[in-house]
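Data first, discussion second: the structure below is written as structure tokens.
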Amino acid sequence: MRSLPRPWVSWGLTASFLLAVLTGLVISYPFREEAPLLSTAGIEGVVPFGALFRYLHYYTGQLTFLLLVWHTVEALRARGYLRRRLLYWFLLTSTYPLTVLALFTGYIVRGDETGLSAGRIAENLALSLPYLGKLLNHLFFAVAEEGVHRAYMTHIFLSLGLLFALSVWHFRFRKIKPEDIALWAVVALALSLLWPPALHAPHFSVSLKGPWFFLGIQELLRYLPPLLAGVVFPALPVALLILFPKDPRKAGLGLLLWHLVYLALLGRGLWR
């Protein structure tokens, strides 16, 4: 019999996500979306413990995504999809793109050169979609017209919506222990001290790199049309997860191949 997912992964995911939302609420008070870069720099340099809260928010968000990947892999190995209805499994797998979107819009919101450049790329990718492109861009990005306003609203409401959904239907925050929160806060703090997330002031550069979870897509855009590289390719793992209960062997092989390709693209992007 396959073992169930180890509890520390799910509790670590829960604690990291809760910390990301709480620290995000703290830094949202001094943040001003009409001057995002100046506001973010002010949070770091003027607000007491502002840099600490921003760094913790950044890294707990990254940890949330990485632990979500780990949790999903363990759930697949334990055949958790057999214990859930297809609709429920579909709703769970939808947390993947929603979490990535929450992370990505948070990256845009800081308003520095790489963040806004990533936002403009996302805007162009959304507009490449037939029929729904303009609507999706207006809902989530609209960087050219409104700066970081739409991305900021998306980041806040999506994070709170995911927190509510996961707390009601999947995790139980009342069961989480203070030591779980403390442990992952220490992990995020250690990462903050070792690699503080830097801001990049506006300047001309021919090699602007987006966040690591987007860098592989950014690299693929050099070789394929935007619709294929920025929409179809990122949608493949989500589709494979949804179809996993129907044919686990083929879907698992497809997921493995997709991640190997993405890691190769990520490595190429980091090397460039």
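The values are calculated or read from the model by the stated rules, or taken from the named source; none is laboratory data. Predicted, not measured: the structure shown is a model, and the values here were computed from it. For neighbour counting, all protein chains shown are included, and Cβ atoms are generated from backbone atoms with ideal geometry for every residue, glycine included. Please note that ligands, DNA and RNA were not included when accessible areas were found on the heavy atoms of the full protein model with its side chains. Shrake-Rupley method; radii C 1.70, N 1.55, O 1.52, S 1.80 Å.
Remarks
- Within the shell defined by Cβ-Cβ distances under 12 Å, the residues around Leu256 carry a net charge of +2, with Lys and Arg each +1 and Asp and Glu each -1.
- The packing ranking of peptides 259-266, 56-63, highest mean first, is 56-63, 259-266, where packing means the average number of other beta carbon atoms within 10 angstrom of each residue.
- Dipole moment magnitude, nearest 20 debye, the chain about Cα centre, only Lys, Arg, Asp, Glu C-beta charged: 1260
- Counting charges near Ala142 (Lys, Arg +1; Asp, Glu -1) among other residues having Cβ under 13 Å from its Cβ returns a value of -1.
- A Förster radius of 30 Å combined with the Cβ-Cβ distance from Leu227 to Arg83 puts the calculated FRET efficiency at roughly 0.25.
- Whole-Hz Karplus values for the stretch 220-235 come out as 5, 5, 6, 10, 10, x, x, 5, 6, 6, x, 10, 5, 4, x, 7 Hz, taken residue by residue from phi with 6.51 cos²θ - 1.76 cosθ + 1.60 and θ = phi - 60°; glycine and proline positions read x.
- Normalised contact order of the chain, rounded percent, pairs of Cα under 8 Å and 6 or more residues apart: 23
- Here the Karplus curve 6.51 cos²θ - 1.76 cosθ + 1.60, taken at θ = phi - 60°, turns the phi angles of the stretch 12-17 into couplings of x, 4, 5, 5, 5, 5 Hz, with x standing for Gly and Pro.
- Probing with 1.4 Å while keeping every protein chain in the model, the per residue accessible area of the stretch 5-126 equals 45 Å².
- Listed values for the stretch 253-266 are Karplus-derived 3J(HN,Hα) couplings in whole Hz (6.51 cos²θ - 1.76 cosθ + 1.60, θ = phi - 60°), namely 5, x, 5, 4, 5, 4, 5, 5, 5, 5, 5, 5, 5, 5, and x replaces Gly and Pro.
- With all protein chains kept in place, the per residue accessible area of the stretch 200-272 amounts to 62 square angstrom at a probe of 1.4 angstrom.
- Rg over Rh [alpha-carbon atoms, Kirkwood Rh] for the stretch 1-147: 1.05
- Computed in the context of the full set of protein chains, the accessible area of the chain at 1.4 Å probe radius has 72% of its extent on carbon or sulfur.
- Between Lys250 and Glu179, the contour length at 0.36 nm per residue exceeds the alpha carbon distance by 21.6 nm.
- Near the amide H of Arg79, within less than 5 Å, lie no amide hydrogens of residues on another chain or at least 5 residues away, with H placed in the peptide plane.
- For Arg84, no residue 5 or more places off, or on another chain, has a built amide H under 5 Å of its own.
- Computed from label points 7 Å out along Cα-Cβ, the spacing between Trp195 and Ala165 is 2.8 nm.
- Taking Lys and Arg as +1 and Asp and Glu as -1, the other residues whose beta-carbon sits under 15 Å from that of Leu266 total +3.
- With contributions of -39500 (n - 2.57) from each DSSP H run of at least four residues, the per-residue ellipticity at 222 nm computed over the chain stands at -23000 deg cm²/dmol.
- The stretch 87-244: relative contact order as a whole-number percent, Cα under 8 Å and 6+ apart: 32
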